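Down below is the structure, laid out as C-alpha cells.
All of the numbers you see were taken from the coordinates with simple rules; none came from a lab. The model shown is predicted, which means the values in this text are computed figures rather than measured ones. Cβ placement follows ideal geometry from the backbone for every residue including glycine, while neighbour counts extend to all protein chains displayed.
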C-alpha cells in the first residue's frame, strides 16, 4: 500500500509540473551531450587514424637514399629483429594533359596498402591507379593517362583502372613539394615496378610491429620510434659507407684503367725526341687533369646519405594531430563549465521541488511513514530525470558530435570512417555528475525537511523578515522610484540566494555563448595576423648557390607583378636555455636590419648587439630580453647568442640576426640562398606560372608561397567553425532553459503574492511586469558578469589549445559581444511572454487558499 502511494506521488509530481520535469531532463541532456560529445571527439579522431594506419600496414619510417638502395641493402635490413622492410620506387613527372606534377610510385606489396575508392588495382604494366583527388582534374576510369617523357620511366602512356587513397598522403590539400613543374605535387599515381628503369630502389619503408597498438600521435609512440631508429643507426651507417665504397670502387675502376693507359702512353712518348713528343705529352697532361676532376666527381656523386622521415615529420599527419589536440584542449574546459552550470540550475530546481512539498512531507510523517518511505518518490524522480538526461545526452553526444567533427575533417584528410568508440569513462563521469545534481539535491533538501517535526511542516513557512536594502538608505534616489520599482528591488535583494542563482545562471549562459565566438575569432585572428601583420612578403625562393642567381634576377625584373626581393640567410637551428630546448627554429640573417621591415615586421629592434627571438620560442625556453642562449647550427657547432629582443609572432619559431652578428658568433660567412619576394596580389595560376619560370632555370630548388600556408590555416579554422557553432547553439539553448526554469521557480515561490496583487486590481500586464522587472535586472547584471566571465574562459581555453608552435591571442569581435547580448535578451523576452500567458491562467482562489 505504501509503495503504491509513493509511486502515485511520483507520477503526480511529474504530471502536475511536466514542464519542470522536462526542463531538468533537458538541462542534464544538454550538459551531458556537449560534455560527452566533445570529450569523445578527440579520442575518436585518433581512433579513426589509428585504425586506418593499422589496416593499411602503414610504415613508421621512410628512408630515402641519395644513391638508392640495392637488393643487398634491403636484405640486410630485413635480417634485423622486429622489423618489417619493403623497398619501392618513386619519381616525379609532368602530365601531358595539363602539365600537372604527379608523384609516381611503385605498387606496394605489404606495407602502405592502398585503399580503393573506385575501380581496381593495376594487373598489367600499362595500367595505373590515380589519387582520388585527381578526379577534380577530370580524370575518369578507362581514360588514357599520358605523361611527358621522364628519365627513369619505361613508358609514358597508361590506362586508368582505379582511384585510391594512400596512407602516405593524408592531407588532401597538400600532396608535397618538388623541384619539378611549379614545385607543388598535384596528385599521386601508382604503377607496377617494372615500369621503372632504375636498378636500385629509391626508398625503403620500415615498420615496427610492436608499436602497432600505440597511438601514433602520442609522445610515447614517437619516443619509441626514435629509440628503434637509434638501435638501427649502426646498421644504417654501415650500409651508407658500404654503398659509398661500392660506387666509388665501380666509378674509380674505369678511371684507374684510363690512368694506367695514360701512364703507359707517357712512358712510350718519353722515348721519342722532345720536339716530336711535346704536343702529345701536353694533350696527355690535359687528360690527366680531366681524370683528376672526374675522380673528384665520382667520389662526390658516390657519397651516400640517408634521409629518414617519420609520421611526426609529415605535414598532413601533424596537422591532423594538432587539430585533434586543439579539440581535446577545448573539450577539457568548455564542456565542463557547461555541465557545471547545468548542475547548478538542476540542483536549485530539485531543491525547490522538495521545499514545495513540505506540507505533504509533514502529513506523511504525521501518519507514521518512515524517512526512507517519504524520500522514495523524490529519489526515484531524481534518478529517472538523471537517467533520461544521461542516456539521451550520452547517446546523442557519442554518436553525433564526433561524427560531425570527423565528417568535417574528411574535407581535408583522406581517412575513412570507422566505428565510433564509446568513451565509457567520460559517460561514467557525466552520469555521476548528473546524479549528483539531482539525487544530491534531493538528499540534502529532504534531510533538512525531515528533521523538522510534523506540526512545523504542516504550518506555512514563515516569511523572510523584511529589512531595508542598500537603495533605501539612498533617500534621494529611493524617493524617485515608483511603487512597482521599489517592490522589485526589495524582492530582488531580499532573496539574495535566488538573485545570485539567477545572475550566475544568466552569466554562465552569456559567457558560454561569448566564449564560442571568442574561440572562433581568436583562432582566426592568429592565422590572419601571422600572414598580414608579421610575415608581409608573398613568396620565398631557395637557391642551390647564393652566387648563381642571375637568371632568376632577370625573371623578377621583367615581371611587373613582382615589387622587390631581399636575399637572406635561412637555416634550421636548435636553441637551448638551461634544460629547455626547441629543436626546429628558423634562423634569418640579413645584411641590413632596416631592409627586413617590408618583409617581416619585428616588434623589437634588430641590431648588431644580439638576436631577436619570436614570442612562443621565448616562452618555451623561459627567457627574456638579455638572456643568453645556446644555438646549435647545421654543422652541429654550438655557439652562445644574446637575446636583444622578443618579437610578436603567432605561428612557428624564429630567430633573427644581422649578418655581422651571425659572422661574429657562428664564425661563418652568411650565405643568402633564400630570397623573400614581395609581389602584388597573385592568383593561384599566376603563382604557379612564376614558380615554373624560376624552377626552370635550375638555379632554384624550392619555391613557397604564403598564400598556400594561409589557405591551410583557413581550412583548419573552418573545421573548428562547426564546433564553435555547436557550442553557441547549445549554450543558447542552455541559457533559455536556465531562464525559463529560474523564472518558473520565482513564480511558484511567489504565487500567493502574485495572486494577491491580481485580486487587488492589478492588470495582467502589471502582474507580469511585477516578475519581469526583476528578470530584466537579473539579465542586465548577468550579461555584465557573463561578458567578463566569457573573456576569462576564452583566454583560459586558448591557453590550453595552444601548441608548441602556435599562439592564440584573445580577440573577440563586436559581432560576438552583440550576439551574446542579443541572444540573452531575446531569450529573456520569450520567457517573459511564456510567463505572461501562464500568469493569466492562474487560479487566484486556489493559490490564496494554499498554505504555502
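Principal axis extents for the stretch 684-769, Cα atoms only, whole Å, descending order, please.
Principal axes ranked by extent give 95, 20, 12 Å for the Cα atoms.
Using a cut-off of under 16 Å, list every residue of the stretch 513-533 whose amide N is near the label point 7 Å from the Cα of residue 601 along the Cα-to-beta-carbon line.
525-533
Using only the Cα atoms of the stretch 537-707, what semi-axes does the equivalent ellipsoid have when each is the square root of 5 times a gyration tensor eigenvalue? Give whole Å, largest first. Walk me through the numbers on the way to the answer.
Working: eigenvalues 182, 55, 39 Å².
Working from the Cα gyration tensor, I get semi-axes of 30, 17, 14 Å.
Using packing as a proxy for protection, rank 567-576, 303-312, 431-440 so that the peptide with the highest average count of other Cβ atoms within 10 Å comes first.
Going by the mean number of other Cβ atoms within 10 Å, highest first, we get 431-440, 567-576, 303-312.
In whole Å, what is the distance between the alpha-carbon centres of the stretch 196-252 and the stretch 500-532?
If you average the Cα positions of each part, the centres end up 47 Å apart.
Helix-only estimate, please: 222 nm mean residue ellipticity of the chain, summing -39500 (n - 2.57) across DSSP H runs of length 4 or more and dividing by its residues, to the nearest 500.
Using -39500 (n - 2.57) per qualifying helix, the result is -19000 deg cm²/dmol.
Using only the alpha-carbon atoms, how far is helix 371-399 inclined from the longest principal axis of the chain? Give it as 0 to 90 degrees, nearest 10.
Relative to the chain, helix 371-399 is tipped by roughly 30 degrees.
Report, to the nearest 10°, how far helix 424-435 tilts away from the longest principal axis of the Cα atoms in the chain, using its own Cα long axis and a range of 0 to 90°.
For helix 424-435, the angle is close to 20 degrees.
Checking the a/c ratio against 1.5 first, then a/b against b/c, what shape does the Cα gyration tensor give for the stretch 56-239? Intermediate values should be presented prior to the final figure.
Values: a/c = 1.99, a/b = 1.60, b/c = 1.24.
In terms of gyration-tensor shape, prolate.
Extension gain residue 697-residue 560, at 0.36 nm per residue separation less the Cα-Cα distance, in nm?
Details: separation 137, 0.36 × 137 = 49.32 nm, distance 1.90 nm.
Using 0.36 nm per residue and subtracting the Cα-Cα distance, I get 47.4 nm.
Considering just Cα atoms, how many Å³ per residue does the convex hull of the stretch 156-303 enclose?
218 Å³
Based on the mean of other beta carbon atoms within 10 Å per residue, what is the order of 385-396, 683-694, 47-58, most packed first?
385-396, 47-58, 683-694
Could the peptides 80-90, 116-126 be put in order, highest first, of the mean number of other beta-carbon atoms found within 10 Å of their residues?
Highest mean packing first, the order is 80-90, 116-126.
What full-extension length gain, to one decimal in nm, is calculated for residue 642 and residue 308 as 0.36 nm per residue of separation minus the Cα-Cα distance?
Gain in length upon complete extension: 117.0 nm.
To the nearest 10 degrees, how steep is helix 441-450 against the longest Cα principal axis of the chain, on a 0 to 90 scale?
So the helix axis and the longest Cα principal axis differ by about 20 degrees.
Can you tell me how much longer the chain between residue 536 and residue 432 gets when fully stretched, taken as 0.36 nm per residue apart minus their C-alpha distance, in nm with one decimal?
32.2 nm
I want the antiparallel fraction of DSSP beta bridges within the chain, as a percent rounded to 5.
80 percent
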